[in-house]
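Just so it is clear, none of the values below were taken in a lab; they were calculated from the coordinates. All values reported here derive from a predicted model rather than from experimental measurement. Please note: Cβ atoms are built from the backbone with ideal geometry, for glycine as well, and neighbour counts cover all protein chains shown.
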Ligand code: PEP
């Protein structure tokens, strides 16, 4: 295993101040599991209140714009995330790539901007169902990673890669253990080719319908260093057992 495991939640377009109690409950449970890194990536509107409510717990954004400021309506910069108390951000989530037409080059630039500003980054890659059915998933995702990777930070724990098969996100379908193993082995090789020893120590997360019931077998797969969790991160009742399943 490369590093301490990282279990990160992605709340997507969910959460208002009424949900801050869940953030607090998750942060309390995370403090009891100090061998595992835990983070929640929240809607921008909740960041400042969440970071004030759970000092010291890792709160992140769900995307970042490459520019520091300017005419980019609706976007958020790394400096804004930091100002709200965030310590990390997701980049390149498949929903951003699809809905906002973000390209690999955009993802690479956004990741570089976040790292340069001092945020940790979770960079997402993953294939569609069509690509998976065609048998080209490993080549496709490897190429996507190569094209999306920023320069390596000196500390490898600052950049994590999340392999998230698009067809497994929010669908209840989970990639098979052998498919996860094959993909994570290939992605580890790409990281090592790009960064040498640093790539050996970057965390590779799996994402796509992770739940307490399937987390133990996913965490047992070689080169799986944690999880990016959507739906099951919205409540402490669902999320904490996933954290507890991390060895
Ligand atoms: C995600 O959005 O990154 C994700 C993995 O979602 P879910 O766990 O709901 O499939």
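Considering all alpha-carbon pairs of region 159-247, what whole percent are spaced by more than 22 angstrom? Mind dumping the intermediate values first?
Numbers: 916 of 3916 pairs.
Looking at region 159-247, the distances longer than 22 Å represent 23 percent of pairs.
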Quiz item: How high is the FRET efficiency from residue 237 to residue 13, r the C-beta distance, R0 30 Å, rounded to 0.05?
Solution: 0.90
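At 222 nm, what value in deg cm²/dmol follows for the chain if DSSP H runs of at least 4 each add -39500 (n - 2.57) and the sum is divided by all its residues, to the nearest 500? List each step's numbers first, then the result.
Working: 11 runs with 101 residues, N = 247.
Calculated from helices alone, the mean residue ellipticity at 222 nm is -11500 deg cm²/dmol.
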Exercise. Sort largest first and round to whole Å: the equivalent ellipsoid semi-axes of the chain, each the square root of five times a Cα gyration tensor eigenvalue.
Key: 24, 22, 17
Practice problem: At 7 Å along the Cα-to-beta-carbon direction for both residue 155 and residue 79, put a label point, then send me their distance in nm to one decimal. | Solution: 2.3
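Relative contact order (percent) for region 1-127, with alpha-carbon contacts under 8 angstrom and 6 or more residues of separation?
Values: 204 pairs, mean separation 27.0, N = 127.
The value is 21 percent.
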Quiz prompt | Selected from 156, 165, 55 as most flexible by GNM, with the chain as the system and alpha-carbon contacts under 10 Å | solution = 55
Quiz item: Cα-Cα pairs above 11 Å in region 24-71: how many percent?
Solution: 70
Self-check item: Peptides ranked, highest mean first, by Cβ atoms within 10 Å: ranges 82-89, 68-75
Solution: 82-89, 68-75
Quiz prompt | Rh by Kirkwood over Cα pairs, then Stokes-Einstein D for region 94-182 at 0.692 mPa s and 37 °C, µm²/s | solution = 237
